[in-house]
Amino acid sequence: MKQIGRILSGSTIDEIYFVVLKGKKVRIGGYYLIEHPLKHSLTHPCYVLLRVFDSYPYNPEMKIGSAGPLAGSRGINFIHGKHIEYFVALAEPLGYYDNENKKFRSLETVPSTWALVYEPSKELLNKLLGKGNLNKDGVYLPIGKTVSFDIPIYLDLGAVAKGHLFIAGMTRSGKSSFVVNMIKNSMETFDPPPRFVVLDRRGEYGVLSRFGAKVFSYRCFLPKNEVLEPYVVVDRLGLNKNTSVGKLVRDSVIEVLNRKMELTPKNLLTVASELSYSMSKRNSEKDLDYLEWTLKVKGGFLKKKKEKELDIIEMIYKEPVVVIDYSLDSNLDDQYITTREIIKKIVRYGIKRRKEGDFAVILVVEEAQYFIPEKTAPILGSPSATKVDKVFIEAISQAGGYNIGFVVVTQRPAYVSKCVPEHTEIILQDKLVPIKELFEEVKQYSERVKVGNEEILFPSRQLTLPYINKELAVKEAVVQALMKKKEKNLVLDIETKDGFRIECTPKHKLYILSRNQVKETLASNVKKGMKILRLKNSEVSFSEVEKINERRVKIVYDLQTTSNRYLAGEGYFLVHNSVISQCNTVLCFRLKSGNDQDAVIRYTEYGGNYMKRYLSGLATHEALGFGLGITAPFPILLETKVDVFPEKASQPASEAWKKMAEQRRELLKVTSVKV
């Protein structure tokens, strides 16, 4: 191996400084090696892998106040000090391969000064990053190569089916191109091919039909009107649910469904006429007239469907790739209802077939922020009223165990939902501390970020909290962030028979005992009689729910930990948070916004400011990949493999304007002839 530099004083286990040997060059994002300070020997070599994230020249003759700047200001070519100039590189230690335990480990001790830095061979890097990390149970698809050394990087689709893939990036950064090529290459590489269902909001994935995918209008999967919630009908008719006509429609929908009638405008008006007898004659006539007019103008969605509803499960078995096109219209609520029912059917079927082991599918959700929007983001349609957000969040937290994976694609990574009121107590060093007090205390030694009405703290000191892991053992997790948001929220006050209670928002997840198994569930699904997991006298226990009340609060708080779990409430209940962290594999394309960068970095297990240096400078189709589904044991910079592109504009704007000018000339000719 070639020598490239020597370690400088001031290096730590998190950051290595080295001087570059004269005549040598290093590149940002390049990989280099040092000998392990304790484990390396001539008979048993052990090298620590570094990645350079910054580099700069140093020349004492060019410091302010020295002769160099003075000569430069006079236009003099001052080069006699050039011979004392040198370059310093800053690198992050990625880790080393422990030959004894056959595992990739982090550096545990600081290297000594003057230690040599080497340029690695391609063979050694390939051992760390390439096929050397594949196991026999994976479904490995080559997705690109490292930005330097051209070493192939693989994505384990089996890991995606079990633990989900989160893809983030700006417009035109390469997100959709990556997904298109991932699906296309999987169809060509594997026999039998993996199964995909693509929820295509923009009509970009039709190109996959050239390789065997089947494209359907979302309306082919739109369920019967009988699955519509009463308040969804009220909302889609443009009525206020608190007015007399709004309440009449709600009650009429419930009655139609109870009578097993078809939910059509005619049946709805007939039942509304019957129910209106309890109202005063004047109000009933007025409301019925208005309802009749509203149904004629806005009730088209209640008319009987002409298309035959397709069975999504049958289509998955028939076709390796099913693309569901949402770009045909802008009827968002119909699209949300379709998505909700598709996800529910797939998850239910996956659970049903878990023992047979004959069902696995990956759902690609483009523009995921539409379905699970952050409260501060613009909300289009009614994701909450149609309950697509609830079904999506619940599915992504449970479905992986049944070989149902999600590929969540978004331009704007969502922040973690804020979930508990200010007096909720958190276990901290064997005592309960209200989360409001904890937030104010941690604020004194934290980096603060304000986003609208939200305040986020990133502690500079290590703060640990206990949690209960999957083996029901009590462990400790590091707090990555604390959040506070000023906005009105519905809170569930859940009280148990043994006198304990936990308060949280309906979308927060708790852990329950179901058929002798511990399962995650949304707080909104918790019912009286259920047993929820908590810590009792340092031992895992379950408490039976006795009653549930609702109330509104103006401020909510939350924590983000490395385990995505923490203990809260009077009874030490285990709670869960974070949507991004549900995905155990992440591919992040170019992100310029600091808030979006923080959302990925802070809310995944691979936190660190070094990643932030890469995200804004990624070229198109370059990504930072990490997690269980990526073969590299650390965050890796890769150039994704792109053969085909999504169906967007076929020509650049300049060509389109030329064609428009030609059409204008033709139109002017026709006009002049008519005159």
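The values are calculated or read from the model by the stated rules, or taken from the named source; none is laboratory data. Keep in mind that this is a model prediction, so the values were computed, not measured. All Cβ positions, glycine included, derive from the backbone under ideal geometry; neighbour counts span all protein chains shown. To get the accessible areas, we keep the full protein, side chains included, count just its heavy atoms, and leave off ligands, DNA and RNA. Shrake-Rupley method; radii C 1.70, N 1.55, O 1.52, S 1.80 Å.
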Heavy-atom accessible area per residue, the stretch 100-160, 1.4 Å probe: how many Å²?
-> 54
Given the pairs Lys298/Lys345; Lys2/Lys24; Lys224/Lys318, which span a C-alpha to C-alpha distance of over 21 angstrom in this model?
-> Lys298/Lys345; Lys224/Lys318
For the stretch 29-133, which chymotrypsin sites (Phe, Trp or Tyr not before Pro) are in a loop by DSSP, counting at most 11 other Cβ atoms within 10 Å?
-> Trp114
Go through the stretch 332-411 and name the trypsin sites (Lys or Arg not before Pro) that are in a DSSP coil and have 16 or fewer other Cβ atoms within 10 Å of their Cβ.
-> Arg353, Arg354, Lys355
Please go through the stretch 23-101 and write out the trypsin sites (Lys or Arg not before Pro) that DSSP classes as loop and that have at most 12 other C-beta atoms within 10 Å.
-> Lys25, Arg27, Lys63, Arg74
Would you mind telling me the share, in percent, of accessible area of the stretch 318-368 contributed by carbon and sulfur at probe 1.4 angstrom?
-> 45
